[in-house]
Amino acid sequence: MKNLIRLPGLIDPHVHLREPGAIQKEDFQTGTKAAIAGGFTTVLDMPNNPIPTVTPEALQQKIDLAKGQLFSDVGFHFGASRESIQYFSKVQDLVFGLKLYMNHTTGELLIEDEFVLEEVFSAWTKEKPIMVHAEADTLKKAISLAKKFNNKLHVCHVSLKEEVEVIKAAKQDGLNISCEVTCHHLFLTEEDVKRLGSYGMMKPPLRSKEDQEVLWQALTDSTIDMIGSDHAPHTKEEKTGKKIPNGVPGLETTLPLLLTAVNKGQLSQEKLIEITLTNPKKIFGIPEQKKTWIEVDMDESYVFKNENLQTKCGWTPFAGMKVTGKLKKVVLRGQLVFDGKNIFGPYGRAMV
């Protein structure tokens with residue numbers, strides 16, 4: 001007997017679909033196929049492409065390129081830069097969040113100037129989150145700015161005990177702050193880097209076992225609100241080349257890893273739905289997908305294999321890992337889009 005359960009279509013608020021500008025790594029078609037194969041019917045795409053999403057024209061280019069290519073629904077985040085502040089009022093109804101890079105990033109999106117940072121927080125809508133990285137100094141600065149200008153703040157890929165403590169204190173202080181964690185920080189540690197080599201290089205890096213235990217506790221006690229895969233594919237050639245980029249794919253491995261945690265009693269089914277649907281939907285104001293659901297077999301075990309992946313990069317740091325809980329079906333707006341083996345479509349939409 002199969003132990004089949006039906007869940008809502010999941011949301012990933014943090015993916016890098018790489019189009020335009022880096023389609024050797026991923027594109028709208030392969031990235032959203034990976035989303036569907038992972039049970040995600042909605043993903044939110046980050047702005048730090050080689051051609052960054054910092055003007056209405058760059059946003060429109062993404063929307064145009066996505067037409068007819070999407071297997072899941074895709075929403076977009078806008079990028080904060082010194083020059084992009086002037087466009088906030090034009091784009092804020094078309095996007096789900098503003099990504100602010102206050103430390104090193106891919107592309108020219110770094111803002112360190114105090115005055116410009118104040119302008120960003122002041123000018124951005126209070127209805128949608130400003131997304132920041134969790135590094136200690138910049139996190140505290142972002143919290144004080146969000147407090148000053150009454151913004152919604154969302155912290156990406158929390159990985160350290162100290163970051164959890166800062167966020168917990170800000171929540172207790174009444175700040176409108178949310179945060180996410182990746183599955184690579186929940187299921188891998190710095191010990192795995194020896195085995196993985198360059199395939200275990202990401203930003204933030206893998207952390208200690210102690211940090212990982214704190215992340216699980218923070219997920220359980222709702223300090224951490226959601227999972228964001230930070231799906232950041234790079235080709236095998238890039239990951240084994242001279243200048244190794246940070247980042248790992250994650251769309252197809254997130255759900256099976258979390259289902260395995262449910263099977264082990266580390267996570268409840270209710271908490272799984274909360275962190276992969278309810279919270280991202282509420283925090284980012286994502287519209288309802290009618291007649292949309294996924295079906296998983298909670299008892300089926302299998303091993304992650306690179307050759308079975310939909311992502312264009314064709315590898316995962318979890319290759320060889322055994323998981324229990326397999327996606328068997330995905331239905332998007334009443335349309336079968338995944339039958340456990342094949343993906344049908346494209347039936348996805350750009351959410352603008």
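The values are calculated or read from the model by the stated rules, or taken from the named source; none is laboratory data. From a predicted model like this one, the values you see are computed outputs, not experimental measurements. All Cβ positions, glycine included, derive from the backbone under ideal geometry; neighbour counts span all protein chains shown.
Can you pull out every residue in the stretch 276-305 that is under 15 Å from the mean Cα position of the chain (by Cα) and not in a helix (DSSP H, G or I)?
Matches in the stretch 276-305: Ile286 only.
Please enumerate the residues belonging to the stretch 286-308 that are among the small types (Gly, Ala, Ser) and surrounded by 14 or more Cβ atoms within 10 Å (Cβ to Cβ).
none
Among (1) closer than 23 Å to Thr254 by Cβ; (2) modelled with pLDDT of 95 or more, which single condition is Asp64 missing?
Among (1) closer than 23 Å to Thr254 by Cβ; (2) modelled with pLDDT of 95 or more, Asp64 violates only (1).
Can you tell me which residue within the stretch 237-256, out of those that are crowded, with 21+ Cβ neighbours inside 10 Å and hydrophobic (A, V, I, L, M, F, W, C), is nearest to the chain's Cα centre (by Cα)?
Once the filter is applied, the top-ranked residue is Leu251.
Can you tell me which residues in the stretch 121-135 are out of contact with any Gly (no Cβ under 6 Å at 6 or more places or on another chain), at pLDDT 95 or above and part of a loop (DSSP other than H, G, I, E, B)?
Hits for the stretch 121-135 are Trp124, Thr125, Lys126, Glu127.
In the stretch 78-129, what residues are in contact with a His (Cβ under 7 Å, 6 or more places away or on another chain) and β-branched (Val, Ile, Thr)?
Across the stretch 78-129, the qualifying residue is only Val95.
Which ranges mark the helices (runs of 4 or more DSSP H) fully within the stretch 136-233 that have 1 or more residues being of a type in the set (Asp, Glu)?
136-149, 161-172, 209-220
Going by what's in this entry, would Thr42 be described as surrounded by 22 or more Cβ atoms within 10 Å (Cβ to Cβ), hydroxyl-bearing (Ser, Thr, Tyr) and farther than 27 Å from Val296 by Cβ? Don't jump to the end; show me each part of the working.
Working: surrounded by 22 or more Cβ atoms within 10 Å (Cβ to Cβ): yes; hydroxyl-bearing (Ser, Thr, Tyr): yes; farther than 27 Å from Val296 by Cβ: no.
It is false that Thr42 is surrounded by 22 or more Cβ atoms within 10 Å (Cβ to Cβ), hydroxyl-bearing (Ser, Thr, Tyr) and farther than 27 Å from Val296 by Cβ.
Right, Gly31: within 30 Å of Glu270 (Cβ to Cβ), out of contact with any helix residue (DSSP H, G or I) (no Cβ under 9 Å at 6 or more places or on another chain) and modelled with pLDDT of 95 or more or not?
When the stated conditions are applied, Gly31 passes them.
Step by step: first the residues of the stretch 45-91, then only those that are touching a residue at least 24 places away in the same chain (Cβ under 8 Å) and of a type in the set (D, E, K, R), then the one that is nearest to Gly348 (Cα to Cα). Which residue is that?
Filtering the stretch 45-91 for residues that are touching a residue at least 24 places away in the same chain (Cβ under 8 Å) and of a type in the set (D, E, K, R), the one nearest to Gly348 (Cα to Cα) comes out as Asp73.
What number of residues within the stretch 144-160 are in contact with a Leu (Cβ under 9 Å, 6 or more places away or on another chain) and over 18 Å from Asp230 (Cβ atoms)?
Looking only at that region, the number is 4.
Return the only residue of Val323, Val337, Val352 being of a type in the set (A, V, I, L, M), in contact (Cβ under 8 Å) with a residue 40 or more places away in the chain and touching a Pro at 6+ places or on another chain (Cβ under 6 Å).
None of the others qualify; the one that does is Val323.
Quick check on this structure: which one of Val155, Val95 is under 16 Å from the mean Cα position of the chain (by Cα), within 24 Å of Pro20 (Cα to Cα) and surrounded by 22 or more Cβ atoms within 10 Å (Cβ to Cβ)?
Matching residue, one of Val155, Val95: Val95.
Given the conditions (1) under 18 Å from Arg18 (Cβ atoms); (2) at pLDDT 95 or above, report the number of the one that Tyr101 does not fulfil.
(2)
May I ask you to verify whether Lys329 is part of a strand (DSSP E or B), of a type outside the set (A, V, I, L, M, F, W, C) and either surrounded by 19 or more Cβ atoms within 10 Å (Cβ to Cβ) or touching a Phe, Trp or Tyr at 6+ places or on another chain (Cβ under 7 Å) (or both)?
yes
Can you name the residue in the stretch 262-271 that is touching a residue at least 40 places away in the same chain (Cβ under 8 Å) and in a helix (DSSP H, G or I) and is also farthest from the chain's Cα centre (by Cα) among such residues?
In this case the residue turns out to be Asn263.
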